[in-house]
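The values are calculated or read from the model by the stated rules, or taken from the named source; none is laboratory data. Since this is a predicted model, take the numbers as computed values, not measurements. When we count neighbours, we look across all protein chains shown, and the Cβ atoms used for this are built from the backbone with ideal geometry, even at glycine. Ligands, DNA and RNA are excluded from the accessible area calculation, which covers all protein heavy atoms including side chains. Shrake-Rupley method; radii C 1.70, N 1.55, O 1.52, S 1.80 Å.
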Amino acid sequence: MTIAELRRRAAAHGVATSYQDWRGQRVEVSEETLTAILAALGEHSGQAVQPGLAAPSAAAPSAAAPSAAAPSAAAPSAAVRSAAARTAVNLRPGHEALAGATAPAPHGRSWGFALQLYSLRSRRSWGHGDLRDLADLATWSARELGAGFVLINPLHAAEPLPPVSPSPYLPMSRRFTSPLYLRIEDIPEYAGLPGGDRARIETLAAPLRARGATSDLIDRDAVWLAKRAALEIIYRQPLTDQRRARFERFRAREGQALVDWSLWCALAEIHGPDWRGFGELRDVRRAAGAAGRFGASADFHAWLQWLADDQLAAAQDAARRAGMGIGVIRDLAVGSHPGGADVWSGQDVFVPGISVGAPPDEFNQRGQDWTQPPWHPQRLAEQGYAPLAGLIGAGLRHAGGLRVDHVMGLLRLWWVPAGMSPDQGTYVRYDHEAMVGVLASQASRAGALAIGEDLGTVEPWIRAYLASREVLGTSILWFERDADGLPLPPGQWRGGCLATVGTHDVPPAAAFITGEQVALRARLGLLTRPEAVERSSAAAAVSAWRDALAGHGLLPAGRDPAPAEFTTALYAYLARTPAALIGVSLTDAVGDRRPQNMPGTISEYPNWRVPLCDGEGRAVLLEDLAGRRDVRAVVRAVSGGAPAVP
């Protein structure tokens, strides 16, 4: 096959043969990458090109998206036209209705706390933030501070036995919830336990509560061992007829997805949490035929999901009763663990030998490999996008909104062939009319907001297209710059977005302000430029923001403010933008300087295990927040600013 033929075939399958990097430079994709991805798609077997994935021809250009083979510098005008003009450009038959779906729009400005829930401990939780902590935070922040929402990390299900993977973004199932977040004492059957059983549970909880009052790293394995032991005690307590009926209704609602998840958990307890080690039960149909052998264990895991569903509902109910207009905004990870339940039960729709990730960008200059297999574009379409609809529908249950991590994955994903580094990948396109249509239609059905995390390398037409479907974007203060690289004036920010200072993948504000983030990245070997160059660049960025804040009267000119004062001014700047939603990071509000995650590291940094602490490294519990001046100063900043006119 000639190089020209290889590139033609790649483009015909929606595989980008070139792309624009974060510096605006065109990058040609290697022959090795294209060959590996075409093989993974099954092109070598002569499969036909899926309608909607082939790059549009010159004779019949697509109005909604540019060719996969050539990056676009501007959004096509048709991408922001009415729903009628967006119908079925690339849709397969039967999916046309998805093209016109739009998500609900927010009603006015709202602000809320953004946090990694596991990191927020209370005096009653077991050394790991839980769903009762979420309900209590929502209630307090709504009633006392006027918050309209609370944004949390993914609560996706992890392994049924330790060790438990720390990352919320590499789950065993995105559809189901980790029982690590259960508040044991809120389970109704707990109240009916004999005194001896309750004493045993208290004995399990006491050392975890004591550890939770310290700055020690979160120990998920210890927490789950104790909680599982407590849950097994409670599971033996009979359900009332009313509770049994509710459990059976839950099982009926969840259907086959719950059956598959519960069976995977039962098998994982025997064979380990990777279906590729299940022997002949790797085959889902064979496993289903043998399900009777694992019934008791599977029932236990179905029961855990019912409890989690109940406590999720209670958290959202508490938020709304306290006055939140939106309530809990949940988070949906990009993908699932390759050995987990989602991939096991959906082997016919996932692509083996490929991992999704992201190309190099300013803060992750080596690119990212998330070790998660992607959906096969054609096979997903052949199933009518039912797997995606079920996933998003579950994420929107008991929520006022859903944040979709790396929302560009609904339009295109960065595929990295096995054995290659992240910067050797390329983009593969999906039928964006249908994929985004599923998100918008599910959000509309739930009456909830759809928020897309659209950071990093994003072509302008993608943001315009998502906005046309009322999918809110995400704007990060550190990334919002004008053509000269200076802070973007607040009036020039987009209105249809969630605006924040940072994210869980970048260091907290205090670490930027002090320059500590450069030293940390240097120690971890994450820099691609000399440390001195990075320090100079970071100092210049902080200086530019200090000048911008002073220019708007948010900081006094002529002196260096303390990190807390600087942080408060940054949030006041957000309040002057037209952003529909403002997220206040709890780590920023209390002055923590340690990032929750350092992309590009595994064991070198304690990713996803850092508890909420102040700038001095002292633990901050949920009950402490109300008395903290720094928290209230940031809240005054975001709630007192007048939105700028876009």
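Packing order of peptides 2-13, 372-383, 581-592, highest average first: 581-592, 372-383, 2-13 (average count of other Cβ atoms within 10 Å over each peptide's residues). Extension gain for the segment A562 to E28, taken as residue separation times 0.36 nm less the Cα-Cα distance, is 187.7 nm to one decimal. Atom-type composition of the exposed protein surface of region 400-538 places 50 percent of the accessible area on carbon and sulfur (1.4 angstrom probe).
Looking at the chain, the accessible area is 38 square angstrom per residue; that uses a 1.4 Å probe and ignores ligands, DNA and RNA. Spatially, region 472-516 and region 1-25 are offset by 32 Å when compared through their Cα centroids.
What is the percent carbon and sulfur in the accessible area of region 118-158, measuring with a 1.4 Å probe over the protein chains and ignoring ligands? The computed percentage sits at 38. Charges were assigned to the Cβ only: +1 to each Lys and Arg, -1 to each Asp and Glu. The resulting dipole of the chain about its Cα centre is roughly 1060 debye. With each label modelled as a point 7 angstrom along the Cα→C-beta vector, the A483-R209 pair spans 6.1 nm.
With a cut-off of 14 Å between beta carbons, the residues surrounding H504 carry a summed charge of -3, where Lys and Arg count +1 and Asp and Glu -1.
Under a no-solvent Debye model with one identical scatterer per Cα of region 121-274, what's log10 I(q)/I(0) at q = 0.10, 0.17, 0.21 Å⁻¹? Debye curve over Cα of region 121-274, log10 I(q)/I(0) at q = 0.10, 0.17, 0.21 Å⁻¹: -0.42, -1.23, -1.52.
Of interest is the spacing of the C-alpha centroids, which for region 398-438 and region 589-636 amounts to 29 Å. I152 sits among other residues whose Cβ lies under 12 Å from its own Cβ, and their net charge, with Lys and Arg +1 and Asp and Glu -1, is -1.
Which percent, to the nearest 5, of DSSP beta bridges fully inside the chain are antiparallel? Given both bridge residues lie in the chain, the antiparallel proportion sits at roughly 45 percent.
Taking 0.36 nm per residue of separation and subtracting the current Cα-Cα distance, fully stretching the chain between R628 and R249 would add 132.1 nm. Modelled spin-label separation between R286 and Q492, with each label point placed 7 Å from Cα along the Cα-to-Cβ direction: 6.1 nm. Amide hydrogen proximity for R412: with H placed 1.01 Å from N in the peptide plane, the residues at 5 or more positions away or on another chain lying under 5 Å are Y430. When you restrict to C-alpha pairs under 8 Å that are six or more residues apart and normalise by the size of the chain, the relative contact order lands at 18 percent. Determine the share of region 326-385's accessible area contributed by carbon and sulfur atoms, expressed in whole percent, with a 1.4 angstrom probe. Here carbon and sulfur together make up 48 percent of the probe-accessible area.
Amide H to amide H distances under 5 Å link G452 with V404, L472, G473, where only residues 5 or more positions off or on other chains count and H is placed in the peptide plane.
Shape of region 106-183 from the C-alpha gyration tensor: oblate (a/c of 1.5 or more and a/b not above b/c, with a ≥ b ≥ c the square roots of its eigenvalues). Taking one equal scatterer on every alpha-carbon of region 235-367, how large is log10 of I(q)/I(0) by Debye at q = 0.19, 0.22 1/Å? The calculated log intensity ratios at q = 0.19, 0.22 Å⁻¹ are -1.13, -1.28. Distances between placed amide hydrogens fall under 5 Å for W111 paired with G148, F149, I582, all partners being 5 or more residues away or on another chain. Global dimensions of region 372-464 from alpha-carbon coordinates: Rg and Dmax equal 13.9, 43 Å.
Over the chain, DSSP H runs of length four or greater, each weighted -39,500 (n - 2.57), average out per residue to a 222 nm ellipticity of -12000 deg cm²/dmol.
With K and R counted +1 and D and E -1, the other residues having a Cβ less than 14 Å from that of R8 yield a net charge of -1. Which shape class, rounded, prolate or oblate, goes with region 565-635 when its Cα gyration tensor gives a ≥ b ≥ c as root eigenvalues, a/c under 1.5 marks rounded, and past that a/b bigger than b/c marks prolate? Oblate, since a/c reaches 1.5 and b/c is not below a/b.
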